[in-house]
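Heads up, the thing below is written out as C-alpha cells.
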Amino acid sequence: MKVKFLATSAIIAALYIAITMLVAPISFGQVQFRIAEIFNHLIAFNPRFMLGVVLGVFFSNFLMSSVGPIDLIFGVGHTILTLGIFIFICKFVKNIWARLVINTTLFTFTMFIIAAQLNLVLDFPFWETWLFVAFGEFVVLAVGAPIMYTLNKRLDFKKLI
Amino acid sequence: MEKMIFGRYIPGNSFVHKLDPRSKLLFVFAFIIVVFFANNTLTYGILLAFTLIVILLSKIRLYFLINGLKPVIFLMLFTLILHLFMTREGPVLVDLGFMKIYEEGLRQGVYISMRFLMLVFMTSILTLTTSPISITDGLEVLLNPFKKIKLPVHELALMMSISLRFIPTLMDETDKIMKAQMARGSDLSAGPIKDRLKAVVPLLVPLFISAFKRAEDLATAMEVRGYRGGEGRTKYRLLKWHAKDTIILVALVIMAILLWMLRG
C-alpha cells in the first residue's frame, strides 16, 4: 500500500466524519440528510476513493450512530456492497454523468439494507422505512451529483489519489 | 467544537475506564447480540439491572447519558407510539372510540424502547470511557486474525488513527471556510433551496483542496521519516489484559445463559 494512498484515504475518511458532524445541522428544510454521503460520488471518478469513504462511514457510525455498533455491520455493509456493485458497473459505463445517475439510483435502492436494520432493531415497518430513508439518500445524492461534477472540473479527482 | 466528539470521551479512573479496550469492545459487541435474547418481563428486568450495574461501575454521571439520548428520544417515542397503535393482540386496555390500545401493543412498545435504550447506554459507555486511540488499538488487535486473509490490518488501524487525529483539524477548517464565505455574503441558512445549494460549492472547493494538500504533506512527511508499513514496528502504548477483563466477559456469558433459560 503506497503511503500517499494511505494518507489520502485517511484524510478523506476524516473529512467525511467532519462534514457529517458539522454541515449536517444546516438542514435544508424539513428533510434531514447526511451531506457527507455525496462522497460516494467520488468513486465515479476513481474507484480508489472507496477505502476512504468506507472508513469514514465506519467511524461516523461508530462514534455517532444512535443505534450503536449494529450500524457498523449494516451501514458499512451497505456502503461496501453498493460501491462494489457500482465499481463493477463502472467497468462498462465510461460517461461520468451516466455513472453519477447510476450511483444515485443504486444507493437509493440499496437503502433497503438500512431499512432492514431499523426494522430489526426498532421494529419499524420495513416498506415505509425504506421509502423514508431512501428518499433522504436520493435527495443528497441527486443534489450532490452536479456539485461533484462541478468540483471535478476544478480539482480533477482522478489524479488526486 | 471539541465537545462534539472528543467531549464524548470523559477521562476517569473507574472500573470501566481501567478495562482493556479489547475486552470492552468484545463485551459491547456480544451485548448487542445478547440483548435480543430477552423477550419477557423477567429477562428484560435482568438486562436492565445489568445495564444499571455497568453504569454505576463506569461512574459516568447520568446527566451525560441522558444528554446523549436527546437525538434519539424522538425515535424512541415514535417506536412506542407505533406499537401502541399498530399491534392488535390481547385484551383492550384503553378504548378511545376511534382507536383501541391493546395489552400486547403496550408490552411490545415498552420492550422495544427498553432494548433500544440499553443499546444506546452500553455503546455510549464504551465511547465515554475509552479514548478513540485505545479503541483503534483494541480494534487492531481484535482484527489481527484477518491478516491471514490478507486484510491490511496494520494499515487500516493507522488510517483510523490518522482520521481521528485530523477530524478536529478539518472541522476547524470547515468552520473557518464557512465563516469566511459568510463574511463574503454567502448564506447557507436562508433563501430558496437552489441558492443554498449553490452556496455549498464555494464551501467545498477550498475544503477539498486543503484536505488533499494536507494528505500530500502527510505522505511526504511519512516517507521522509522512513515509514515502511507494520513489519517490525514496536508500540508505545501496550495493552494489558487483567483479571477484571476476564471477569466482565464471564459475567456477560453467565447473564446470556440465564436469559436463554428464562426466556419465554
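The values are calculated or read from the model by the stated rules, or taken from the named source; none is laboratory data. Since the structure is predicted, the reported quantities are computational estimates derived from the model, not experimental observations. Here the Cβ positions follow ideal geometry from the backbone for every residue, glycine too, while neighbour counts run over all protein chains shown.
If the requirement is being away from chain B (no Cβ under 12 Å), modelled with pLDDT under 75 and within 23 Å of A:PHE132 (Cα to Cα), which of these qualifies: A:PHE62, A:PHE33?
Values: A:PHE62 fails: away from chain B (no Cβ under 12 Å).
The conditions single out A:PHE33.
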Q: Considering every residue within segment B:179-201, establish whether at least one is in a helix (DSSP H, G or I), over 23 Å from A:GLY144 (Cα atoms) and β-branched (Val, Ile, Thr).
A: no
Q: Considering only residues that are of a type in the set (Val, Ile, Thr) and under 21 Å from B:GLU140 (Cβ atoms), look in segment B:216-247 and name the one that is surrounded by the most Cβ atoms within 10 Å (Cβ to Cβ).
A: B:THR246
(Q) For segment B:73-90, check the following and say yes or no: at least one residue is crowded, with 20+ Cβ neighbours inside 10 Å, more than 14 Å from every other protein chain (Cβ to nearest Cβ), part of a helix (DSSP H, G or I) and β-branched (Val, Ile, Thr). (A) no
Q.
Can you pull out every residue in segment B:207-264 that is under 30 Å from A:MET148 (Cβ atoms) and without any contact (Cβ under 8 Å) to a residue 12 or more places away in the chain?
A. B:PHE208, B:ILE209, B:PHE212, B:LYS213, B:ALA215, B:GLU216, B:ASP217, B:ALA219, B:THR220, B:ALA221, B:MET222, B:GLU223
Q | Verdict on B:LYS213 being more than 28 Å from B:GLY138 (Cα to Cα), of a type outside the set (A, V, I, L, M, F, W, C) and at pLDDT 90 or above | A | yes
Q: Tell me which residues, restricted to segment B:183-202, are surrounded by 15 or more Cβ atoms within 10 Å (Cβ to Cβ) and either on the phi > 0 side of the Ramachandran plot or of a type in the set (Gly, Ala, Ser) (or both).
A: B:SER186, B:ALA199
Q. Taking segment B:118-128 as the search range and keeping residues that are more than 8 Å from every other protein chain (Cβ to nearest Cβ) and touching a Leu at 6+ places or on another chain (Cβ under 7 Å), which one is modelled with the highest pLDDT?
A. B:MET118
Q) What about B:PRO168, is it out of contact with any Lys or Arg (no Cβ under 9 Å at 6 or more places or on another chain), under 24 Å from A:PHE157 (Cβ atoms) and in contact (Cβ under 8 Å) with a residue 24 or more places away in the chain? A) no
Q. Do we have A:ILE114 as among the aliphatic types (A, V, I, L, M), under 30 Å from B:GLU216 (Cα atoms) and either surrounded by 15 or more Cβ atoms within 10 Å (Cβ to Cβ) or more than 18 Å from the chain's Cα centre (by Cα) (or both) here?
A. no
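Yes or no, residue by residue, for (1) facing chain B (nearest Cβ under 9 Å); (2) more than 29 Å from B:ILE81 (Cβ to Cβ); (3) not aliphatic (A, V, I, L, M):
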{"residue": "A:GLY77", "(1), (2), (3)": "no, yes, yes"}
{"residue": "A:ILE80", "(1), (2), (3)": "no, yes, no"}
{"residue": "A:TRP97", "(1), (2), (3)": "no, yes, yes"}
{"residue": "A:PRO125", "(1), (2), (3)": "yes, no, yes"}
{"residue": "A:VAL133", "(1), (2), (3)": "no, no, no"}
{"residue": "A:GLU137", "(1), (2), (3)": "no, no, yes"}
{"residue": "A:VAL140", "(1), (2), (3)": "no, no, no"}
Q.
Let me confirm something: among B:ILE133, B:ILE162, which residue is closer than 30 Å to B:PHE15 by Cβ and either charged (D, E, K, R) or assigned to a helix (DSSP H, G or I) (or both)?
A. B:ILE133
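Would you call B:ASP95 among the acidic types (Asp, Glu) and either under 27 Å from A:ASP71 (Cα atoms) or crowded, with 18+ Cβ neighbours inside 10 Å (or both)? It would help to see each step written out before you state the result.
Numbers: among the acidic types (Asp, Glu): yes; either under 27 Å from A:ASP71 (Cα atoms) or crowded, with 18+ Cβ neighbours inside 10 Å (or both): no.
For B:ASP95, the condition - among the acidic types (Asp, Glu) and either under 27 Å from A:ASP71 (Cα atoms) or crowded, with 18+ Cβ neighbours inside 10 Å (or both) - is not met.
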Q. Mind checking which pairs have a first residue in segment B:95-116 that is over 19 Å from B:PHE74 (Cβ atoms) and a second that is aliphatic (A, V, I, L, M) and in a helix (DSSP H, G or I), Cβ under 6 Å, 6 or more apart or different chains?
A. B:ILE101/B:LEU84; B:GLY105/B:LEU84
Q: Scan segment A:74-95 and report the pairs whose first residue is free of Cβ contacts under 8 Å to residues at least 12 places away in the same chain and surrounded by fewer than 16 Cβ atoms within 10 Å (Cβ to Cβ) and whose second residue is assigned to a helix (DSSP H, G or I) and among the basic types (Lys, Arg), with Cβ atoms within less than 6 Å and a gap of 6+ or a chain change.
A: A:VAL93/A:ARG99
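Go through B:SER131, B:SER113, B:SER161 for me and flag whichever is within 11 Å of chain A (Cβ to nearest Cβ) and under 17 Å from the mean Cα position of the chain (by Cα). First the steps, then the outcome.
On the way: B:SER131 fails: within 11 Å of chain A (Cβ to nearest Cβ); B:SER113 fails: under 17 Å from the mean Cα position of the chain (by Cα).
Every option except B:SER161 fails the conditions.
Can A:LEU141 be described as touching an Asp or Glu at 6+ places or on another chain (Cβ under 8 Å), surrounded by 15 or more Cβ atoms within 10 Å (Cβ to Cβ) and over 15 Å from A:GLY75 (Cα atoms)?
Values: touching an Asp or Glu at 6+ places or on another chain (Cβ under 8 Å): yes; surrounded by 15 or more Cβ atoms within 10 Å (Cβ to Cβ): yes; over 15 Å from A:GLY75 (Cα atoms): yes.
Yes; evaluated as a whole, the condition is true for this residue.
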